[in-house]
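> A single structure is presented below for examination.
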Amino acid sequence: MLDLFTIINKGGLVLWKHAFTPLSGSPVEALIKNVLIEERSGTDTYIKDSYALKWSFANELDLVFVVAYQKILQLPYIDELLETVKRLFIDTYKNTVVVDQGINGDYSEFDPIFSQVLQSLEQKFSNRARAPRKFENTKKFETTLKGSQTPGINTSSSSSALLAASGKSVVDDDEITKNIKALKLQGSPRGSGKSSRKTSSRTSSSSAPPSTATEKKKSQKKMRVWDGQISKGEMEALDYSGSGQTDTTDADTLKAQYLDETKLGTKNKQGIYEVQDVDMVDEEEDDEDNEGDDDQPKSAGMFSFLKSITNQREMTAETLDPVLASMKELMINKNVAKDIADRLCDSVKQSLLGKKLGSFERISTVVRTSMEQALKRILTPKTSLDILRDIEQAKSEKRPYTITFIGVNGVGKSTNLSKVCFWLLQNNIKVLIAACDTFRSGAVEQLRVHARNLRALQTSGGGVVELFERGYGKDSAGIAKDAIAYAGANNFDVVLIDTAGRMQDNEPLMRALSKLVSVNNPDKIIFVGEALVGNEAVDQLTKFNNALKDFSGLQNPRHIDGMILTKFDTIDDKVGAALTMTYITGQPIYFVGCGQTYLDLKNLRVSHIVQSLLRN
């Protein structure tokens, strides 16, 4: 049984709805915020609390058809219901929606039409569920050698039955057209006497029919080869132990090198040190470089141009797929995770299907513009990035502001924690560094060196930095709790909590991290990740977020609040990790690390990232 069926436009206005039961919470509003605005509409279903929501676009009218039902229910007619209702609504109220944008339209007469459609589909699928399947329509028949070689069997029907049995939606356009004609013959209000019009939005087949199973050959075990040892000459070439050099730079050298006022950053009009933006290549330079890349003759270009403005004015899957395939390949080459590129391209495709092109528009231009808008919506922060304001708010509450840095091994958590500390010191913030990495050897000593260097770089009237340590082998959650208490007693403004690097599959360490977060409830949980990662970023962020929620034991568990992207100076224009991380978490990137000094902390501009992702 359904809970809600509603029709809204892409501006958020509800044109019509039919509520079966009162909804708890706001699942439709969550769908708009977390899926439609965030360009995640390439997925099939959105789960919110106890509800499952499905939707279908009518892009020619900028409408969205949404159905909500209990997620524990298996309703096989949902996809066909969405498409049938969409076609009937467009046939009946197309002129009203086009003229008034749905604002002044009266859609109350659509209630009996919807009820009739729903009743018809429920009865149709209930009868289909009772009818036993033939052996030819079962999966067992498909996997038998006899079934794969028997002539005269209608494999398309059996494949459809298999898809339906596996839970995948199979929506037949001809079946929907027959249903609409039957409903109109029964005398539905305002629907009689009108011919069914084929809509431009076609439902793409959910998936290809499963191929016939083939026998797998058993792999034979290969003998191990022992004659490939490294020769003596290769071992000597790989030995760098005699050429190693130690870093003898002391605090006095650092003070003499970096205490120049011109190297300590820039102040704004309020006297606050600002982090500079990342320097990236402008789009104009790329456009100039691409002007001479077209080797085709002008006649061919003119022919394709005339063809583009005279043919196929409506965007369909056949015309969009080649352009989106090129766009997907471009983003994957820019280090965007494959799953994210697939979802993003599918979402853009769903938002363009059925739309009409302008007189002189090209599909590639429209797709690029739509993708650019989608990337900007995803990368634009949804929350404030002003950490200094949050620190002042915490000071007014007579408590220290706490930031916890988490991430996998070797990404640069301690180094970027020190960079953030230096920026806070420039803004006269009193900082306490909590050494909660009690697992890795040398972690406490590393922070001790950073604290010493930061004290040497302090200017007159600057902030104060101190290290809180308890050695190794202790409970990190307890050390963080003691550090926060110490900071409150000694009037520290900020506590920066360093944690041990851990792989996302290490359950004991992930449980310890979740305990640290649950016990101390920091103001910010910042994930430190590398700009070099691609598909691995999906696994890292997903499992870190899941661990914080699953192992917390809290009713409202915490999650990652933001990210710092390190090693950003090593990737050139392959900035896909920024998009991947933001898409997965929905949280902003606070800073990027662009070097080895304390001054190499930069802001990330959304326009630069979008230009780099779409630049060929």
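The values are calculated or read from the model by the stated rules, or taken from the named source; none is laboratory data. Treat the numbers as computed from the prediction; the structure is a model and nothing was measured. Positions of Cβ are backbone-derived with ideal geometry, glycine not excepted, and every protein chain shown enters the neighbour counts. These area figures cover heavy atoms from the full protein model, side chains too; ligands, DNA and RNA do not enter into them. Shrake-Rupley method; radii C 1.70, N 1.55, O 1.52, S 1.80 Å.
> Name the residue that is farthest from V97 (Cα to Cα), counting only residues in segment 3-19 that are in contact (Cβ under 8 Å) with a residue 40 or more places away in the chain and surrounded by fewer than 19 Cβ atoms within 10 Å (Cβ to Cβ).
Taking the candidates together, the pick is H18.
> Looking at the structure I just gave you, is P76 closer than 20 Å to I176 by Cβ, in contact (Cβ under 8 Å) with a residue 24 or more places away in the chain, open to solvent by 50 Å² or more (accessible area, probe 1.4 Å) and in contact with a helix residue (DSSP H, G or I) (Cβ under 7 Å, 6 or more places away or on another chain)?
Judged against the criteria, P76 is a match.
> Within the group D49, D62, which residue is closer than 25 Å to L353 by Cα and of a type in the set (D, E)?
So the residue among D49, D62 that is closer than 25 Å to L353 by Cα and of a type in the set (D, E) is D62.
> Which one of the conditions (1) without any contact (Cβ under 8 Å) to a residue 60 or more places away in the chain; (2) surrounded by 23 or more Cβ atoms within 10 Å (Cβ to Cβ); (3) part of a loop (DSSP other than H, G, I, E, B) does H559 fail to meet, given that it meets all the rest?
(2)
So that you can scan it fast, the table gives a plain yes or no per residue for (1) within 20 Å of L579 (Cα to Cα); (2) within 24 Å of the chain's Cα centre (by Cα); (3) open to solvent by less than 60 Å² (accessible area, probe 1.4 Å):
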| position | (1), (2), (3) |
| --- | --- |
| P381 | yes, yes, yes |
| I387 | no, yes, yes |
| L417 | no, no, yes |
| A435 | no, no, yes |
| T438 | no, no, yes |
| R448 | no, no, no |
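> Hey, another quick one. Might you check whether a residue that is of a type in the set (F, W, Y), at pLDDT 90 or above and over 25 Å from L532 (Cα atoms) occurs anywhere in segment 409-428?
Within segment 409-428, not a single residue is of a type in the set (F, W, Y), at pLDDT 90 or above and over 25 Å from L532 (Cα atoms).
> Given V444, V431, which one is surrounded by 15 or more Cβ atoms within 10 Å (Cβ to Cβ), β-branched (V, I, T) and either more than 19 Å from T499 (Cα to Cα) or in contact with a Leu (Cβ under 6 Å, 6 or more places away or on another chain) (or both)?
After ruling out the rest, the residue left standing is V431.
> Sticking with this structure for a sec: Within segment 20-66, how many residues turn out to be at positive phi and surrounded by fewer than 16 Cβ atoms within 10 Å (Cβ to Cβ)?
Going through segment 20-66 one residue at a time, the tally reaches 2.
> Restrict the check to segment 536-545 and report whether at least one residue is at pLDDT 90 or above, among the basic types (K, R) and in contact with a Ser or Thr (Cβ under 9 Å, 6 or more places away or on another chain).
Checked against the condition, which is being at pLDDT 90 or above, among the basic types (K, R) and in contact with a Ser or Thr (Cβ under 9 Å, 6 or more places away or on another chain), segment 536-545 yields no hits at all.
> Under the condition of being part of a helix (DSSP H, G or I) and among the acidic types (D, E), which residue from segment 515-556 is least open to solvent (accessible area, probe 1.4 Å)?
Out of the qualifying residues, it is D539.
> Could you tell me which of the residues S370, S347 is touching a Gly at 6+ places or on another chain (Cβ under 6 Å), open to solvent by less than 60 Å² (accessible area, probe 1.4 Å) and either under 23 Å from Y583 (Cβ atoms) or free of Cβ contacts under 8 Å to residues at least 40 places away in the same chain (or both)?
S347
> While we're on this one: Hey, among S166, S108, S157, S126, which residue is at pLDDT below 90, within 35 Å of the chain's Cα centre (by Cα) and loosely packed, with under 13 Cβ neighbours inside 10 Å?
None of the others qualify; the one that does is S166.
> Yes or no: S476 more than 20 Å from the chain's Cα centre (by Cα) and either modelled with pLDDT under 90 or within 17 Å of Q587 (Cβ to Cβ) (or both)?
Spelling it out, it is not the case that S476 is more than 20 Å from the chain's Cα centre (by Cα) and either modelled with pLDDT under 90 or within 17 Å of Q587 (Cβ to Cβ) (or both).
> I'm trying to understand the selection: among the residues of segment 389-411, which are among the polar types (S, T, N, Q) and either open to solvent by 70 Å² or more (accessible area, probe 1.4 Å) or within 19 Å of I589 (Cβ to Cβ) (or both)?
Q393, S396, T404, N409, listed by residue number.
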